[in-house]
Amino acid sequence: MIELQNVSWRVDDFSLTGVNCAVQDGDYAVLMGPTGCGKTTVVEIICGLRKPSAGRVMVAGADVTGCLPGDRNIGYVPQDGALFPTMTVGEQIGFGLQVRRRAKDDINESVSRLAQELGIAHLLERRVHGLSGGERQRVALGRALAVEPRVLLLDEPISALDEDMREGMMALLKRIQKEHAVTVLHVTHSSWEADQLADCVLRMENGVIEARKA
Amino acid sequence: MASLARFFIGPWDFILSLVRDPNARFWFYLALSTAGYVLFIVAMLVATAVHSTPGDLLSALQSREIQHSIYLSLLTCSLTALLSLLAAVPIGYLLARCRFFGKALVESILDIPIVLPPMVIGLCLLILFQTGLGGFVDSVIPFTYTVFGVVLAQFVIGVAFAIRTMRGTFDQLSQRPEDVAMTLGCSRGGAMWRVTLPAAGKGMVAAASVAWARSLGEFGPVLVFAGATRMKTEVLPTTVWLELSVGNLEGAIAVSLLMVLFAMVVLVAMRLVGERW
């Protein structure tokens, strides 16, 4: 479960005040709202990349407001994937496990299993330069999933893809959510994506998040 | 540039296009300015080179003083480049990633060594090391009129350029990958070390090479702060000045050519390394 309780945040002339929302365990939630309304900020607050000035952030029943981003059990896929520019695809996917000092064999096994699952096994030795948009998103997804998070935060993972790749990516996201039993918060401004994917739609406007079941 | 290519098709067509086509005139003026400046630089170097003979160069290289000056220049410039990089990476990163009160003032202060006359920097260093704290530091590590002083005088200016280069490099690199690395368990420092620094390799090579090249030519601050003692604090620009002051123009030219050669070799080598990174 992901829950924001009266979360506030402010920088310069942009602020969020008393934001509340909840995503139930195992749900695929889609967060929608106009450009600049603070969707990405909400995701970054959940990740721990921005510190709220007030309120609490709960992940999987635990208060993670004061936790470091790496201790929140969250997988994060930002817009455009934000891949590590000097690493191979295999190194990217194994990065989180390497930081956690897992054994090399375990890392290799996880990387190859995830790469198979995401259809990028043939790219493991490639560097990120020259990967297509869809491939980049799959690599970013594999990198986030490798640490077996309870929650997956996806910031507009489909909007940058070509139209003919979108359906394939959506099917993949839905399958991944079921197989890995993760709670997903997917940010988009496409109501079509919300219709296809969402168990629950969160609409953000003027600093307020309203939930409705899909 | 397409209009310039026309020159090779037919000079008359080219002249006609200059008269008729304002875009052709625009490119022509740009090409003319560039060619003029490039020719000016090449003319300076060629004039200096042909004024000297291989014999002059050889006899200059055989001088013990000049050999020592070459050795000291290479040593101090390399040390300065390394120290400049060590300082420029954290400062450049801070300026690129953080917003804080007084940042504009800090940035202006960091640029002071670039805009101050070099001789004034040497004088400021000399006065700083006459103060209580400076005197204490000088009694522990002697800077004034020593090789350490040569490095410090070169460093003050070299590092300012290295910081500008590193700041530009970090500005170009998105913070997003670092954010992701943090969600995967890295601290901010760990994310910088594992993700951003490897991607900043070209920038680091550029920063080190610009610091090296600046240090090689640094004369004013070295002269004022470290002196011009032969076989002790004499670096190549000092040699040029000393040789000129005793009327040995051939020796000064030979050393100048050597400096041009060093600077070009280092810049080309750094560029090759940077491209492979």
query: So is A:GLU91 within 14 Å of chain B (Cβ to nearest Cβ), open to solvent by 40 Å² or more (accessible area, probe 1.4 Å) and either at negative phi or in contact with a helix residue (DSSP H, G or I) (Cβ under 9 Å, 6 or more places away or on another chain) (or both) or not?
result: yes
query: Going through region A:47-58 one residue at a time, which ones are under 18 Å from the mean Cα position of the chain (by Cα) and more than 14 Å from chain B (Cβ to nearest Cβ)?
result: A:MET58
- prompt: What number of residues within region B:215-254 are β-branched (Val, Ile, Thr), assigned to a helix (DSSP H, G or I) and surrounded by fewer than 18 Cβ atoms within 10 Å (Cβ to Cβ)?
  reply: 0
- request: From B:GLN154, B:GLN172, grab the single residue that is assigned by TED's automatic domain parsing to the domain that holds B:VAL210, in contact with a helix residue (DSSP H, G or I) (Cβ under 9 Å, 6 or more places away or on another chain) and surrounded by fewer than 18 Cβ atoms within 10 Å (Cβ to Cβ).
  value: B:GLN172
- prompt: Given the residues A:LEU173, A:LEU154, which is the only one that is over 23 Å from A:ASN108 (Cβ atoms), part of a strand (DSSP E or B) and not charged (D, E, K, R)?
  reply: A:LEU154
message: Tally up the residues in region A:59-74 that are surrounded by 16 or more Cβ atoms within 10 Å (Cβ to Cβ) and either within 14 Å of chain B (Cβ to nearest Cβ) or at pLDDT 90 or above (or both), please.
response: 8
message: On the basis of being over 24 Å from B:ILE109 (Cα atoms), basic (Lys, Arg) and open to solvent by 10 Å² or more (accessible area, probe 1.4 Å), does B:ARG167 make the cut?
response: no
Helices (runs of 4 or more DSSP H) wholly inside region B:104-214 containing at least 3 residues that are over 22 Å from B:LEU75 (Cβ atoms) and within 14 Å of chain A (Cβ to nearest Cβ): B:147-172, B:176-183, B:188-191
- line: Expected single match for on the phi < 0 side of the Ramachandran plot and either of a type in the set (Asp, Glu) or without any contact (Cβ under 8 Å) to a residue 12 or more places away in the chain (or both) among A:ARG113, A:ARG100, A:ARG56, A:ARG72 is A:ARG113
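The values are calculated or read from the model by the stated rules, or taken from the named source; none is laboratory data. All values reported here derive from a predicted model rather than from experimental measurement. Ideal geometry is used to build each Cβ from the backbone, glycine not excepted, and the neighbour counts take in all protein chains shown. The accessibility values were calculated without ligands, DNA or RNA, using every heavy atom of the protein model including side chains. Shrake-Rupley method; radii C 1.70, N 1.55, O 1.52, S 1.80 Å.
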